[in-house]
1. Dipole magnitude of the chain about its Cα centre, charges +1 at Lys/Arg Cβ and -1 at Asp/Glu Cβ only, in debye to the nearest 20?
2. Using Cα pairs closer than 8 Å and at least 6 residues apart in sequence, work out the relative contact order for region 1-91, in percent.
3. If you roll a 1.4 Å probe over the heavy atoms of the protein chains, what accessible area per residue do you get for region 26-174, in Å²?
4. Pairs of Cα atoms under 8 Å, at least six residues apart: use those to get the relative contact order of region 96-195, whole percent.
5. Once every Cα of region 81-195 carries one equal point scatterer and solvent is ignored, give the base-10 log of I(q)/I(0) from the Debye formula at q = 0.13, 0.16, 0.23 Å⁻¹, two decimals.
6. List the residue ranges in the chain for DSSP H helices whose C-alpha atoms run 20 angstrom or more along the long axis and whose Kyte-Doolittle average is -0.5 or above.
7. May I ask you to order 113-122, 8-17 by the average number of other C-beta atoms within 10 Å around their residues, highest value first?
8. Compute a Gaussian network model of the chain, connecting alpha carbons closer than 10 Å, and tell me which residue from V110, V174, V96 fluctuates the most.
Amino acid sequence: MPLLVAPALPAGSLAAQEQPHLPVRPGLALRPWRDDDAPAVRAAFDCPAIQRWHVRRLDSDDEARSWTAQWAGRWRDESAASWAIVDADDRPVGQVGLREVLLDEASAQVSYWVVPAARGRGIATEALGALTRWSFTRAGLHRLALDHSTANVASCRVATRAGFPLEGLLRGSVQHTDGWHDMHLHARLRTDGPI
């Protein structure tokens, strides 16, 4: 069955280039994950809030290494990408990434988290802004969306401050350890203007 609309982005749009390092602000940058980040990732996933909202934990160093190692392959197959948010000493303080990348539709879901010691300083908002700018100007994406539990007020603040307006409510959409959660859906279009 032939498509009536050409793919928005051709296959290879991401994989043809190396995953970039992106500046956020002085002392803060985004870079691809490395194997030696595994201890920091394991420590991050020990945080009860990260476990609560991301519905996973890491129980061993091997699991943490697998988590960091997966991203190179997902970049190559253009299904997802993840960046470590790093401080001036190149230590991971969080994560921001693209999930469910659809080149045909030039769209992706975004995700983010920040370790407890780095919260409350606008790091997630600024990292999401840097990823959004790159996604629209360099990667050629048209739409970025994110959803979060309606109970996750901090994530809602990050989305709103990063210019992702609330689009709607997804009722009973995601199961967490305490049951089904309604989710807020936020999105931003390339045509929404500068961040």
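1. With Lys and Arg at +1 and Asp and Glu at -1, about 560 debye.
2. Relative contact order here is 36 percent.
3. 47 Å²
4. It rounds to 25 percent for region 96-195.
5. After summing over all Cα pairs, the log10 values are -0.50, -0.75, -1.37.
6. Qualifying helices: 123-137.
7. Working: 113-122: 16.7, 8-17: 14.3.
Most protected by this proxy first, the peptides run 113-122, 8-17.
8. Most flexible of the set in this elastic network: V174.
The values are calculated or read from the model by the stated rules, or taken from the named source; none is laboratory data. Keep in mind the model is a prediction, meaning the values are calculated, not measured. Cβ sites come from the backbone with ideal geometry, for glycine too, and all protein chains shown count toward neighbours. Note: areas computed on protein heavy atoms with side chains; ligands, DNA, RNA excluded. Shrake-Rupley method; radii C 1.70, N 1.55, O 1.52, S 1.80 Å.
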